[in-house]
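First the structure, which I've put down as structure tokens, then a few questions once you've had a look.
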Amino acid sequence: MKMKVQVIFYSMYGHTYRMAEAIAEGARSVEGVEVELYQVEELVPDDVLESSGAKKERAAFAHVPLASVDRLKEADAIVFGSPTRFGMICAQMRNFLDQTGGIWSRGELVGKVGSVFTSTGTQHGGQETTLIGFIVTLLHHGMIIVGVPYTDTHQLYVGGVSGGSPYGSSTISGPDRSLQPNDNELEIARFQGRRVAEIALMLLKGKA
Ligand SMILES: Cc1cc2nc3c(=O)[nH]c(=O)nc-3n(C[C@H](O)[C@H](O)[C@H](O)COP(=O)(O)O)c2cc1C
């Protein structure tokens, strides 16, 4: 039985994209799991992307296809990732989620596994508020939320700057974006991807 995980992200400078790749890698490591990686549509005008340096950074993941609201129903599990904007998810991800009214009314995501991850500029700039707020939409869709338990001991690391929380994996890009997702953060992301896939597989087998 093949089980499908979709990893759907927005990223302006590549940090959330790198976390998405690690989550996809973790999910792919589970036998019988097919993983699809998607990004949501950009809304920021081209000149703003150019002046903020994002245009150059976005070239690294320009090959990732756009997510489709209509194809969400094909997934058994969906992991959503968004950078923090003022302590919340970004407008691009909100815009995508706000197009899911139709599938919400038909209950098409009810019973699917849902999980979230994020990236912030600073250590206390809203990782947890972003993740918790993100989960609320998934709960409205009736998704079964999977987080990251502390059995993944990378979350206990306090020897340096690191993201990672029970609500979802995360990374800290630095206010000047000079940091990249570190090994600890990437391990937590892989753990989350694996766990999402394993739980979705268990649910699917239970239904068969
Ligand atoms: C408009 C705007 C608002 C932001 N708000 C926050 C914030 O509230 N807290 C924070 O730590 N970082 C904030 N940031 C920094 C982003 O979260 C950071 O650039 C992002 O996590 C990098 O991820 P990316 O490379 O995937 O785009 C903000 C950035 C922008 C452009």
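So, by mean Cβ neighbours within 10 angstrom, what's the order for 5-16, 170-181 with the highest one leading?
Values: 5-16: 25.1, 170-181: 18.1.
Per-residue Cβ counts within 10 Å, averaged per peptide and sorted highest first, yield 5-16, 170-181.
Determine the equivalent ellipsoid of the range 23-182 by diagonalising the alpha-carbon gyration tensor, then write out the semi-axes as square roots of 5 times the eigenvalues, largest first, rounded to whole Å. Let's see the in-between values first.
On the way: eigenvalues 118, 93, 49 Å².
Ellipsoid semi-axes (Å, largest first): 24, 22, 16.
Now for a separate question. Taking every DSSP beta bridge that has both residues in the range 1-106, what percent is antiparallel when rounded to the nearest 5?
Values: 2 of 15 bridges.
Percent antiparallel among DSSP bridges in the range 1-106 is about 15.
Return the carbon/sulfur percentage of the accessible area of the chain, one whole number, probe 1.4 Å, all protein chains in place.
56 percent
Rounded to the nearest 500, what is the 222 nm mean residue ellipticity of the chain from helices alone, with -39500 (n - 2.57) per DSSP H run of 4+ residues and division by all residues?
Details: 7 runs with 76 residues, N = 208.
That calculation yields -11000 deg cm²/dmol at 222 nm.
Another one. Sorted by average packing, counted as other Cβ atoms within 10 angstrom per residue and highest first, what order do 148-156, 30-38 take?
Numbers: 148-156: 14.1, 30-38: 17.2.
Averaged packing, sorted descending, gives the order 30-38, 148-156.
Where only protein heavy atoms count, and the probe is 1.4 Å, what is the accessible area per residue for the chain in Å²?
Numbers: 9610 Å² over 208 residues.
Heavy-atom accessible area per residue stands at 46 Å².
Under a 5 Å amide H to amide H cut-off, with H placed in plane at 1.01 Å, what residues pair with residue 4 once short-range neighbours are removed?
34, 76, 77
The values are calculated or read from the model by the stated rules, or taken from the named source; none is laboratory data. Just so we're clear, the structure is a prediction, and the values are computed from it rather than from any experiment. Cβ atoms come from the backbone with ideal geometry, glycine included; neighbour counts cover every protein chain shown. Keep in mind that these areas ignore ligands, DNA and RNA; they rest on the heavy atoms of the full protein, side chains included. Shrake-Rupley method; radii C 1.70, N 1.55, O 1.52, S 1.80 Å.
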